[in-house]
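Single-structure report; data block below.
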Amino acid sequence: MIERITGKLIEKSTNSVCLDVNGICYEIEITSNTINSLPAINEQTTLFTHLLIREDAHILFGFNNPETRNTFRLLIKTAGIGARTALSVLSTLTVDELSNSILMQEPSILTKVPGIGQKTAERLLLELKNKIKSETGLNSLQVPQRQSDIINALVSLGYSYKETIKIINLVPEDLALSESIKYALKLLSSG
């Protein structure tokens, strides 16, 4: 397996790059998020890669960090999701956006991706629900500590994570933690 390639960026296109490594030029397919983070032509860069071996081709996919590559690998293990669809997902959504949609069980975010319909989005949510945190290295939604404390308190009281995340930004920041929890409880009980 080729895990990482470092070389001089020779060529960029909308969905691939060519890296020169000691006189050998590797064509690597990439996401639009990755291409936006690359340096100028003739500069050194490193891409974290996944090698896909098919009967008729060996295809390298490159990513700007190991977390994105690991997410790609997780996506292609899902039934009905091939490498091109996984690349499309990671071109449309960041890893954080994808993990947030999975944690919140929101198929509407995934259906924005070309090639992902309602059924595929629901299957992705179901299959990746317990895997996204452990296999990509992500811990949870990216929220401030105070909001995280409120969410944890509400979840321990029996409210779902999805319910709490929807109202958390409605809680005024100038309240003490205990008052914030009471305010959030009022919001949740009012529907």
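Just so it is clear, none of the values below were taken in a lab; they were calculated from the coordinates. Nothing here was measured: the structure is a model prediction, and the numbers come from that model. Heads up, the Cβs are rebuilt from the backbone with ideal geometry, glycines too, and the neighbour counts pull from every protein chain shown.
Points to keep in mind about this one:
- Per-selection metrics, the stretch 1-52 (Cα): Rg and Dmax in Å: 10.0, 27
- Using C-alpha pairs below 8 Å separated by at least 6 residues, the relative contact order for the chain is 13 percent.
- All lysines inside 26 Å of Lys162 as judged from Cα atoms, apart from same-chain residues fewer than 8 positions distant: Lys77, Lys112, Lys119, Lys129, Lys131, Lys133, Lys182, Lys186
- Against the chain, whose longest principal axis comes from its Cα atoms, helix 177-190 is set at around 90 degrees.
- Stokes-Einstein diffusion for the chain at 4 °C, viscosity 1.567 mPa s, with a Kirkwood radius from C-alpha pairs, works out to 69 µm²/s.
- The Cα-based radius of gyration and maximum Cα-Cα distance (Dmax) for the stretch 26-132 are 14.1, 43 Å.
- Given the chain, longest segment not containing exposed loop trypsin sites (Lys or Arg not before Pro) (DSSP; at most 14 other Cβ within 10 Å): 132-191
- Rounded, prolate or oblate (a/c below 1.5 giving rounded, otherwise prolate when a/b exceeds b/c) for the stretch 37-78 by Cα gyration tensor: oblate
- Full extension of the segment from Glu27 to Arg84, taken as 0.36 nm per residue of separation minus the current Cα-Cα distance, would add 19.0 nm.
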